[in-house]
Amino acid sequence: LKLISAFLALAFAFSSAAAAQEVTHHTSPDGHEFSFYHMPDADRLAISIAWKGGIANLPQGKENVAALAIDLMLNGGADGQDPADIRAEFEALDAGSHLYTDSDAIRGFLVTPAKDAEKAADIANRVLVKPNLDERWFKRSIRKTKQNVAEKEKHNAIQAWHTIRRLTMQGHPLEQVWSVQPAGNLDAITVEDLRKWHSESFSANDLVISAAGNGSPEEIGLGLDLTLKGLPREHKRSDLPPLEMAYNGKTILIHRPEEEKSFMAIVGPLPEGAHPDKLALQLGTGVLGSSEQSRLFKAVRGELRAAYGFFAQIHPFTRAQDMLALSGEVEASKLRETLAKVEETYNEMKSGGIGFLEYPFAKRIMMKRIRENYKKPSTLAFVMTEAHFEGKTLEEVINLEAKADDMGRGEVNTAIKKHFPEFSQMIKVIVTPDAEAIEADCVITDFRQADQCR
Amino acid sequence: MRIIILIVFFLLSFPARAEVIDLTAHTGLKGAYLVQQNEAEFVNVQLLLDVGEADYDGPEGLAHYLEHLVWYSADKAHGNLAKNRISNAWTNIQFTNYWNSGEPAKLGDMLATSAQVFEAVDLARDFAMTERDVVEREFDYRKLDNPGWQLYNQMNKALLPNHAMSRSVIGSLESIRKITPEMAIAFKDKWYFGNNATLLITGPVSAADVVPLLKKHLRDVPQGTVPAHPWKKTTKWDGRNVRTVLRHSKIAQPFFEIYIRAPRPTGMSVAEAARSIDVLSSLMNSSTPGSPSKVLYYEDFILSAVSGFAWQDRTGSIVLAVNGRLEEGVSMEEALNATWDYLDGLTTFPGKSFALVHQDLVQTFDREKYYPKTQQNVAFRGLLERGSPYSSKEYLADIAAVTPAQVDALLKAFKNNGISVTGIALPEEDN
């Protein structure tokens, strides 16, 4: 027994040591500051680089330049090297990368085995500093984007979402970024626009850098210096104006007589992503509509037999603007009943919250997901960077599991009651071949007419 | 010192890898296996029935409709209160799978649910009929506006006319509407036997936890005579090359797909072919020299998007596929000619390409082999491919053992014995 006790004590000592891991702060030889969360058991190293400031350096109508430039940087080759060779070189490393624009930053991620960090950083540096950005690949990228946009807008769900953005975003530049509408704006973009945006946007200053995984601070510092080497010292990035969203509560019917099926989306505002109640709202949204046991699934499919599935999701538009969306494809002849059923189910959730029997398992699922995600260096590097932008401490985001564990049903239900929007405030968009399927405040035939529904 | 020795003994006694434990003898099933994963949080229970859409010859979509009915019925196995488990089911051309996932304490409920799969469907006829409406909505949701799937379905029927393997798993709106609950129940009575099903449990439970529950719930499941699978009908390898065209309102840009189907090379086992196909598929989908992407997308600017992949099925066939979209100024015929020229010339991949892709596959699996999800997926692949789970160790060894000669043998089989179909997808208005 003594031996077993000794073994258990030792095992606990090991686990305590692991739990005591904390974020440390370092500076690379070239002076780049970064935060690091050491995960000795991880098999990867993740580095997140955020170039602070968004894409407000782009002229009106050319908001898609940033996405096109990034597409070309990643897929069009670099340093005179053939694009296929660069991709094959990177694929061979068992590494991953991501580069995209956010409303207040350009975000880059590199995830690699620590032993390959130098090679991965070298490739990343070529892509960041010397992308080929040549005319032929630019034209290919524009063509593909236009084809994708044309194909997508044929679908009911895309018609609905373009309409929702048009109504809620009030002409904010991000609408053009996400909807790529009007698609004709792409015709005005030149490869020179991409080169200019690239040269003005990527720099070696104004960065938020977070790393997590199994490397050492020294390895990360060297990898960072190699990644950022040769970038300009200054930039012209700036944040986009704050996005203010509007929800007029109207029911909008998009009449598409040639379609064979119908789609319904109901959207309303939620507090900003950094709100202390965010986790509670995520849990509530999950119980409302994320699985075959969810309230909406049981109501719309199980009872009404009107849909294959009906879902609830949170869409973070910007850091300050989250949207709750209830959506699904619905049998056209049951649209009216479905809308009433969704309203009833939603209002029950808003007023009554998560049930006594539902709560333990829902929380268990959420805790499991948090634990699984927090084993990944990429998640840690991401949330550490988010903490900077959301004004939170690193410890706060690292210890999310403990926060979630402390959350009780009463607290969650209070948050749901307080923050889930009133159903009457939410915009309802129904895309259907039947113009009489539902009583609507506004009937249009295409998202381009959405301004009529303000 | 003794403490240290004991600690070392303890550490060594923990399994380095989750291994497969055969528990078939405690059940009335064709197979029952446990992969113990102490680091996992949830237990997963999968009941795989050796029956799919290819085993029916009436209106298409029946096996899938039946799966919906059985899932609802089985889900009531332990009452209507909160289930505290996640569950779902799927059907494909050759299999039907019912799965549950939840805390270890719920293993008994999950096994009771699995046992209920073999019992009579306990649903009101009205509900069963409206569930058919739900399946129609599933068709709408997944397939109606999905020209890629519709082309795939059309190509299968063109290449293998009247063959069980060319049946559509979900069917069409017309075929679904012809199905009745009685037809589904009759099909169930023919195929749903314990001796036609395999159970896979993965998660933080031991054989000692599992065996009493297996005995309680799955020892006395119904047994029966399992019919011969219609998909075993021989394919005629006559070198045919057929073509089919789909026009669809949701297509804005034309695209094409090519499938070449061939018999598995003689002398290559199912597992050897499966892992060699994995490597070939990765080569076809890479940017390395010799890949369709390198030749047709990067170098020749013939296609604006291209992907290639390969797989094998239980009929003993291997399949090589390429799909692509046309670059501006390139006609469909030019694109098809260039792609066929590429495929005709594909007899081997450069050694460097093989080495890069093979090494990446081995490294990735070696890194991920301890993940519960990876172990679960690998074990399940074994059920699909050979009827019993692979252990991670075995799977890794099989991937590592793939040679360039085996990949070349697959390519040679496609070249010498292949039958093929070219599918062309065009916008509706493009006449």
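Each distinct pair of alpha carbons in the range B:366-431 adds a 1/r term; the inverse of their mean, the Kirkwood radius, is 15.3 Å.
Using C-alpha pairs below 8 Å separated by at least 6 residues, the relative contact order for the range B:17-153 is 24 percent. Mean partner shielding of peptide B:53-59, defined as the number of other chain Cβ atoms within 10 Å of each residue Cβ, is 0. Of B:R314, A:R165, A:R136, B:R142, the order by accessible heavy-atom surface (1.4 Å probe, DNA, RNA and ligands excluded), from most exposed downward, is A:R136, B:R142, B:R314, A:R165. Ordered by solvent-accessible area of protein heavy atoms (1.4 Å probe), largest first, the residues B:L384, B:L23 come out as B:L384, B:L23. Using the crude model of +1 on Lys and Arg Cβ and -1 on Asp and Glu Cβ, and no other charge, please compute the dipole size for chain B relative to its Cα centre, in debye to 20. Result for chain B is approximately 1100 debye, rounded to the nearest 20.
For the range B:289-363, what log10 I(q)/I(0) values come out of the Debye formula at q = 0.14, 0.23, 0.24, 0.25 1/Å, with one point per alpha carbon and no solvent? Each listed q corresponds, in turn, to -0.53, -1.09, -1.13, -1.17. Our analysis of the range A:241-323 gives Rg over Rh at 1.03, with the two radii drawn from alpha carbon positions and Rh computed by the Kirkwood formula. Overall, the ratio between the Cα radius of gyration of the range A:28-89 and 2.2 N^0.38 Å, rounded to two decimals, is 1.59. Give me the net charge for the shell around B:E257: Cβ to Cβ below 12 angstrom, other residues only, Lys and Arg +1, Asp and Glu -1. Computed value for this residue: +2. Which parts of the range B:277-297, residue by residue, lose 30 Å² or more of accessible area when the rest of the protein chains are there, as against the chain isolated (1.4 Å probe)? In the range B:277-297, residues shielded by partner chains: B:S287, B:K294, B:Y297.
The value for the range A:318-454 of Rg(Cα) / (2.2 N^0.38 Å) is 1.38. Computed on the Cα atoms alone, the convex hull of the range B:137-245 gives a volume of 200 cubic angstrom per residue. Put simply, the range A:302-372 fits an ellipsoid with semi-axes of 25, 18, 13 Å; these come from the alpha carbon gyration tensor as the roots of five times its eigenvalues, largest first. Across chain B, the mean sequence separation of Cα contacts (distance under 8 Å, 6 or more residues apart), normalised by length, yields a relative contact order of 22 percent.
Rolling a 1.4 Å probe across the protein heavy atoms gives the protein assembly as shown an accessible surface of 41 Å² per residue.
Express the C-alpha Rg of chain B as a ratio against the empirical globular expectation 2.2 N^0.38 Å, rounded to two decimals. Walk me through the numbers before you get to the answer.
Details: Rg = 23.7 Å, N = 431, 2.2 N^0.38 = 22.1 Å.
Expressed relative to 2.2 N^0.38 Å, the Cα Rg reads 1.07.
Take the convex hull of the alpha carbons in the range B:121-165; its mean projected area over all directions comes to 4.5 nm². A convex hull fitted around the alpha carbon atoms of the range B:40-132 yields 99 Å³ per residue.
Can you work out D for chain A in µm² s⁻¹ from Stokes-Einstein, where Rh is the Kirkwood radius over C-alpha pairs, the temperature is 10 °C and the viscosity is 1.306 mPa s? Intermediate values should be presented prior to the final figure.
Details: Rh = 24.3 Å.
Rounded to a whole number, D works out at 65 µm²/s.
When the helix-only estimate is applied to the protein assembly as shown (DSSP H runs of n ≥ 4, each -39,500 (n - 2.57), divided by the residue count), what is the mean residue ellipticity at 222 nm, nearest 500 deg cm²/dmol?
Working: 30 runs with 371 residues, N = 885.
Helix contribution divided over all residues of the protein assembly as shown: -13000 deg cm²/dmol.
When the accessible area of the range A:48-193 is computed with all protein chains present and a 1.4 Å probe, what percentage of it is carbon and sulfur? Accessible surface attributable to carbon and sulfur in the range A:48-193 totals 51 percent.
Counting only protein heavy atoms and a 1.4 Å probe, tell me what percentage of chain B's accessible area is made up of carbon and sulfur.
Values: 9210 of 17310 Å².
Ligands and nucleic acids excluded, carbon and sulfur give 53 percent.
Considering the protein assembly as shown at the alpha-carbon level, its Rg and Dmax are found to be 28.2, 85 Å. Panel note: the C-alpha atoms of the range A:340-399, placed on their principal axes, show extents of 42, 24, 17 Å (largest first). The lysines whose alpha-carbon is closer than 24 Å to the alpha-carbon of B:K369, local same-chain residues fewer than 8 away aside, are A:K115, A:K368, A:K375, A:K376, B:K393.
Write down the Å³ per residue value for the convex hull defined by the alpha carbon atoms of the range A:105-172. If you can, show how the numbers build up before the last one.
Numbers: hull volume 11.7 nm³, N = 68.
Dividing the Cα hull volume of the range A:105-172 by its residue count gives 173 Å³.
Annotation: amide H of A:D79 within the under-5 Å range of A:K130, A:N132, sequence separation 5 or more or interchain, hydrogens built in the peptide plane.
Chains B and A: what accessible area do they bury, summed, in square angstrom to the nearest 100, with a 1.4 Å probe? Mind dumping the intermediate values first?
On the way: alone 19830 and 21800 Å², together 36390 Å².
Chain pair B/A: roughly 5200 Å² of buried accessible area.
Averaged over the residues of peptide B:132-139, the number of Cβ atoms from other protein chains lying within 10 Å of each residue's Cβ is 5. Put A:K428, A:K130 in order of accessible area, highest first, and with a 1.4 Å probe you get A:K130, A:K428. Summarised in one figure, the compactness ratio Rg/Rh of the range A:16-166, Cα atoms and Kirkwood Rh, is 1.04. Per residue of peptide B:246-254, the mean number of Cβ atoms on other chains within 10 Å of the residue Cβ is 3. Summary value for chain A: 23 percent relative contact order, contacts being C-alpha pairs under 8 angstrom separated by 6+ residues.
The values are calculated or read from the model by the stated rules, or taken from the named source; none is laboratory data. In this text, all values refer to a predicted model and were calculated from it rather than measured experimentally. Neighbour counts are summed over all protein chains in view; Cβ atoms, including those assigned to glycine, are modelled from backbone coordinates with ideal geometry. Note: areas computed on protein heavy atoms with side chains; ligands, DNA, RNA excluded. Shrake-Rupley method; radii C 1.70, N 1.55, O 1.52, S 1.80 Å.
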